[in-house]
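Right, one structure below, let's go through it.
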Amino acid sequence: MPLAGKRLLLVISGGIAAYKSLDLIRRFRERGAEVRPVMTAGAQQFVTPLAVGALSSGHVYTELFSREDEQDVGHIRLARDCDLIVVAPATADLMAKMANGLADDLASTILLATDRPVLVAPAMNPKMWVHPATRRNVETLRKDGLTFIGPNAGEMAESGEAGLGRMAEPLEIVAEAERLLEDGAKPLSGRKAVVTSGPTHEPIDPVRYIANRSSGRQGHAIAAALARLGADVTLVSGPVTLADPPGVEVIHVERASEMLDAVLSALPADIAVMVAAVADWRVATPNMEKIKKQPGEGPPPLMLAENPDILKTVGHHEKRPKVVVGFAAETQDVESNGRIKLQKKGADLIVANDVSPETGIMGGTRNSVKLITADGIEAWPELAKDDVAGRLADWIAARLT
């Protein structure tokens, strides 16, 4: 078990999600980890040190200027004498301190003094999460090497509002901590990847749109697999019903033009995996009002315009990633169409598959792919999409090294 015998420092900051830290302690200890809790003053307004100490079976650290704990420079010892620091929940206030190097209490001082990996589980009101100041702080912390899990979408307990801001569930945090502490070096550590996933929706009018059939399962699985190998992953997702993969920065878009802009803004990168089923055409001028049927008249003509080719743009871009992977969803001549796409798009690899209705691949949980490169074609057996993602991430890692 990756957590067995590991020493975890759990920083609990002030927010209603602090109650989840009690379950998180229990989950960590079930897996053999030792948990040392640090509570901010705000956290103690939501859960008591007594409850936290009872579940952790140890001392709860709350004060920077504790005569007992600071006799041996306790905040430095806590910052270094652990395998991983988990901040859950991480409030906007604490993340602002971390991003700007402030150290005015025990938690922020430990986080400034540590040289250990840090896993951050944000929790706050949705408006606070999308505020430009918070976004700047998150970006700074990511560049500093901190790992994020969540936040998730849902209803806020304290306000009744809904959106991104809920702290990741304890088992999600545990899984990400296990990933960070797995033995062995991550082959994609220090690498940056951008992945596209899902369909795009091209509006006809305010209630209708043109789209491709895609669940986003394969793209989301690939983003997660690259993150497990240590990559810093940006996932640009069209409209899907899937949860955001843990440890991945997700940008949600609707239209192909928005997806292209998000991908280009994520460059430069080492890896690009263009999985999204982007609509090839859009309505040239979407109607601003719902198109109504008129008695005795047929449907109005739709004037279509070609959407940007995201894979081709990336494959020939001046900031072209070292490895560019595209997907070819075909219903006939899979190999020949895949070879043509490889040449035209400037890709290193085309992952081609047969998406005829009888295969059940579009929207399903399994996939059967052929890897097409300049050197030849490699056919993989039918696999779960998660397994395809894992094998493809390994292929990319080997290509880079």
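Run down G247, G230 and say which single residue is touching a helix residue (DSSP H, G or I) at 6+ places or on another chain (Cβ under 7 Å), in contact (Cβ under 8 Å) with a residue 40 or more places away in the chain and among the small types (G, A, S).
After applying the criteria, what remains is G247.
Per-residue answers, yes or no, for (1) of a type in the set (D, E, K, R); (2) modelled with pLDDT of 95 or more; (3) crowded, with 21+ Cβ neighbours inside 10 Å; (4) in contact with a helix residue (DSSP H, G or I) (Cβ under 7 Å, 6 or more places away or on another chain):
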{"position": "T40", "(1), (2), (3), (4)": "no, yes, yes, yes"}
{"position": "Y61", "(1), (2), (3), (4)": "no, no, yes, yes"}
{"position": "H75", "(1), (2), (3), (4)": "no, no, yes, yes"}
{"position": "R80", "(1), (2), (3), (4)": "yes, no, no, no"}
{"position": "A96", "(1), (2), (3), (4)": "no, yes, no, yes"}
{"position": "A103", "(1), (2), (3), (4)": "no, no, no, yes"}
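When the residues of the stretch 201-250 are filtered to those that are β-branched (V, I, T) and within 13 Å of the chain's Cα centre (by Cα), which remaining residue is nearest to A384 (Cα to Cα)?
I222
Look at V263 and say whether it is touching a strand residue (DSSP E or B) at 6+ places or on another chain (Cβ under 7 Å) and either under 17 Å from P206 (Cα atoms) or outside the structural domain of D348 (by TED's automatic domain parsing) (or both).
The answer is no for V263.
Go through the stretch 231-277 and give me each residue that's within 19 Å of R135 (Cα to Cα), hydrophobic (A, V, I, L, M, F, W, C) and not in a loop (DSSP other than H, G, I, E, B).
V233, L235, V236, V250, I251, A262, V263, L264, listed by residue number.
Hey, does the stretch 261-283 have a residue that's among the small types (G, A, S), modelled with pLDDT under 95, surrounded by 13 or more Cβ atoms within 10 Å (Cβ to Cβ) and closer than 24 Å to L400 by Cα?
Within the stretch 261-283, not a single residue is among the small types (G, A, S), modelled with pLDDT under 95, surrounded by 13 or more Cβ atoms within 10 Å (Cβ to Cβ) and closer than 24 Å to L400 by Cα.
What strands (runs of 3 or more DSSP E), lying completely within the stretch 299-374, carry at least 2 residues that are in contact with a Phe, Trp or Tyr (Cβ under 8 Å, 6 or more places away or on another chain) and in the same structural domain as I204 (by TED's automatic domain parsing)?
304-306, 349-354, 369-373
Working only within the stretch 198-245, note down all residues that are within 22 Å of G360 (Cα to Cα), crowded, with 20+ Cβ neighbours inside 10 Å and among the charged types (D, E, K, R).
Matches in the stretch 198-245: R217 only.
The values are calculated or read from the model by the stated rules, or taken from the named source; none is laboratory data. Quick caveat: nothing in here was measured; it's all calculated off a predicted structure. Backbone-built Cβ (ideal geometry, glycine too); neighbour counts: all protein chains shown.
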